[in-house]
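Below is one structure, written out as structure tokens; the observations come after it.
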């Protein structure tokens with residue numbers, strides 16, 4: 001998400017706000033186009049799978065959502081590390097703006113995983129290693145958001161939630177491998193989501209397109225939400241006034 | 001003698017062990033002053049464990065299967081219940097500020113506090129668990145692995161839990177928030193702790209699980225005090 | 001592939017459409033929520049000009 | 001800043017050896033926040049804290065070894081006796097010696113001999129304040145940061161406090177004090193800062 005712009009120049013919320021305002025629509029429309037293309041590929045073009053019939057088409061939602069749920073937490077942890085080391089408010093705001101989207105993708109990944117599990121294993125919840133660690137990831141997201149709004153002082157909220165996100169990020173691999181160990185110990189190597197059907201090139205293409213759609217969507221939503229967060233937290237400062245003046249001038 | 005000469009020990013980092021010792025001795029003496037509280041923690045553990053047979057029925061085979069998991073989850077909850085005690089009292093009466101402003105390194109002081117917390121809450125669980133294990137029909141060998149697993153696991157619970165306690169100092173959100181923050185981090189300890197007893201029951205050696213618990217403890221010993229120090233400083237800001 | 005077959009999804013319609021619809025609904029909810037959040041932020045005191 | 005509201009701005013002062021800054025201002029004007037920034041507990045939104053000419057971040061090791069901060073809270077544990085509390089606090093700050101003798105002497109100086117064995121929870125607020133101030137006799141530090149030290153103590157103790165601050169300044173110490181009482185410290189280079 002950190003594109004090539006020299007984000008030090010945009011480190012202050014004041015100068016980043018107009019950039020976020022301009023970029024958000026572009027990412028949103030890119031996301032929409034890619035999603036349409038991805039759905040078309042996934043639902044119409046991709047051939048029926050030999051073993052799972054049509055049920056496997058759920059992977060075009062499930063896998064991108066699972067990827068994004070993990071990726072967004074890591075990007076969040078990255079922004080939290082930046083906000084702690086460079087003490088910049090904007091980095092913390094970026095992390096704050098990503099959390100709800102990450103939680104949404106985690107929920108979607110869990111939901112679609114369950115719906116995919118029913119036809120393949122016969123139960124909605126089979127304590128599969130990846131799904132269980134996805135569930136714990138959802139708790140990590142809720143923990144981050146709950147800590148954030150349990151603290152009134154925005155400064156402390158930024159820094160405390162940053163520490164939590166970093167501790168969480170360090171624990172994600174540990175949780176994943178311990179759940180994987182636990183799962184194989186108890187169930188043996190049962191069919192798990194990783195044994196997805198042999199990926200015809202078309203299926204892979206569909207999934208990658210949907211993944212990019214999800215990524216651009218996450219950026220667009222984060223840029224929108226960060227504008228709201230900046231306004232909420234910076235409304236007392238003078239620059240909002242100047243910005244309005246410039247907007248009036250530009251109109 | 002101007003005050004400038006009598007500044008505190010010149011190399012504060014050299015005082016790391018004195019810091020641990022100071023905090024450990026002070027917190028233990030504090031805890032022993034209110035012994036009843038330690039008893040309450042232990043009783044909570046016993047009650048939670050004893051409730052399960054009422055829920056799932058006295059059928060021995062079932063209780064044997066559930067035993068390790070129940071004993072470990074109850075240990076998690078008991079540890080979670082006692083975590084706020086590490087920082088909250090010191091935060092409200094102003095001693096936490098003095099601790100943070102001490103020349104001794106804050107992670108060292110916090111390690112001492114966490115060690116005191118473990119000695120007063122974790123260790124009693126370890127001693128009590130074989131007794132409760134008998135209720136669930138665990139064999140001698142399983143009881144010993146349960147106790148050893150708890151001996152290595154409960155310090156990790158105190159260390160990880162202390163991070164959550166430090167992050168939620170002075171917040172009115174209460175225990176629920178602390179549980180939400182910390183229980184996901186407890187998952188690996190629970191998995192390997194209970195897994196060790198299952199491995200022994202199935203006839204395998206539990207050395208793999210126990211060594212992973214040990215590794216987790218070492219990582220937590222190094223990492224948790226640093227994260228706690230950062231969280232305490234953030235809370236005091 | 002007639003519309004009927006398409007909806008049936010080889011018998012897995014419930015699961016496939018259950019997944020796609022929930023995903024779309026989740027995204028829609030989030031988009032609406034963020035827009036509302038942004039408009040509320042714009043109406044806060046001090047931000048009137050930005051409405 | 002407190003809860004993103006600016007309490008005070010462009011406050012700038014520097015103190016040399018033997019100088020004292022008295023901070024006054026209405027409640028809520030940010031006196032405590034300024035003192036917490038000066039003692040290295042809090043962050044200033046803008047600007048910097050310098051100790052011996054070097055900019056220091058909050059909780060800087062050098063600063064921690066040099067500051068004695070007495071805030072509103074008395075930093076006493078209810079379960080400990082007055083003596084145990086002072087012993088703990090002085091050894092926490094690595095005060096040289098820090099044995100019982102120095103503690104008893106400090107308690108004596110604040111006329112708390114009879115209360116030294118009593119748990120802090122049974123003591124009155126005035127007595128607890130005096131125990132908190134007894135740290136001034138025990139812990140040698142170049143920089144004193146005192147938040148309303150003269151509150152809830154009687155005239156005799158205020159005099160004792162003034163004597164302690166005067167001797168601290170005379171030996172080259174520095175003090176930053178927020179107070180409503182006008183402390184009569186003779187011969188010290190006193191600077192005033194009023195927060196509106």
**OP:** Tell me, yes or no, whether the range B:91-105 has at least one residue that is under 23 Å from residue B:183 (Cβ atoms) and either buried (at least 24 other Cβ atoms within 10 Å of the Cβ) or touching a residue at least 60 places away in the same chain (Cβ under 8 Å) (or both).
**Re:** yes
**OP:** Check off (1) within 14 Å of another protein chain (Cβ to nearest Cβ); (2) touching a strand residue (DSSP E or B) at 6+ places or on another chain (Cβ under 9 Å) for residue D:129 and give me the number that stays unchecked.
**Re:** (2)
Subject >> Matching option when the condition is in a helix (DSSP H, G or I), more than 10 Å from chain A (Cβ to nearest Cβ) and in contact with a helix residue (DSSP H, G or I) (Cβ under 7 Å, 6 or more places away or on another chain), among B:182, B:191, B:221, B:234 >> reply: B:221
Subject >> Among the residues listed as A:48, A:112, A:88, the single one being away from every other protein chain (no Cβ under 12 Å) and either within 21 Å of the chain's Cα centre (by Cα) or surrounded by fewer than 20 Cβ atoms within 10 Å (Cβ to Cβ) (or both) >> reply: A:88
Original post:
Which of the residues belonging to the range D:58-87 are more than 7 Å from every other protein chain (Cβ to nearest Cβ), farther than 26 Å from residue D:46 by Cβ and touching a residue at least 24 places away in the same chain (Cβ under 8 Å)?
Top reply: D:68, D:70, D:78, D:80, D:81, D:82, D:83, D:85, D:86
**OP:** Please find, within the range D:88-109, the residue that is nearest to residue B:104 (Cα to Cα) out of those that are part of a loop (DSSP other than H, G, I, E, B) and touching a residue at least 40 places away in the same chain (Cβ under 8 Å).
**Re:** D:93
Original post:
Quick check: is even one residue across the range D:43-50 at the interface with chain B (Cβ under 7 Å from one of its Cβ atoms), in contact with a helix residue (DSSP H, G or I) (Cβ under 8 Å, 6 or more places away or on another chain), within 26 Å of residue D:127 (Cβ to Cβ) and in a loop (DSSP other than H, G, I, E, B)?
Top reply: no
**OP:** Examine the range A:19-38 for a residue that is closer than 30 Å to residue D:47 by Cβ, more than 11 Å from every other protein chain (Cβ to nearest Cβ) and modelled with pLDDT of 90 or more, and state whether such a residue exists.
**Re:** yes
Subject >> Residue match in the range B:137-147 (condition: part of a helix (DSSP H, G or I), within 9 Å of another protein chain (Cβ to nearest Cβ) and surrounded by 24 or more Cβ atoms within 10 Å (Cβ to Cβ)) >> reply: no
**OP:** Determine which single condition residue D:100 fails, assuming it passes every other condition in (1) more than 30 Å from residue D:194 (Cα to Cα); (2) touching a helix residue (DSSP H, G or I) at 6+ places or on another chain (Cβ under 7 Å); (3) within 13 Å of chain B (Cβ to nearest Cβ); (4) at pLDDT below 90.
**Re:** (3)
Subject >> Check on residue C:33, within 11 Å of the chain's Cα centre (by Cα), part of a helix (DSSP H, G or I), more than 30 Å from residue A:234 (Cβ to Cβ) and at pLDDT 90 or above >> reply: no
**OP:** Search the range B:5-38 for residues being modelled with pLDDT under 90 and within 18 Å of the chain's Cα centre (by Cα), and hand back the single one that is farthest from residue B:86 (Cα to Cα).
**Re:** B:35
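The values are calculated or read from the model by the stated rules, or taken from the named source; none is laboratory data. Just so we're clear, the structure is a prediction, and the values are computed from it rather than from any experiment. Reconstructed Cβ throughout: ideal geometry from the backbone, glycine too, with neighbour counts over all protein chains shown.
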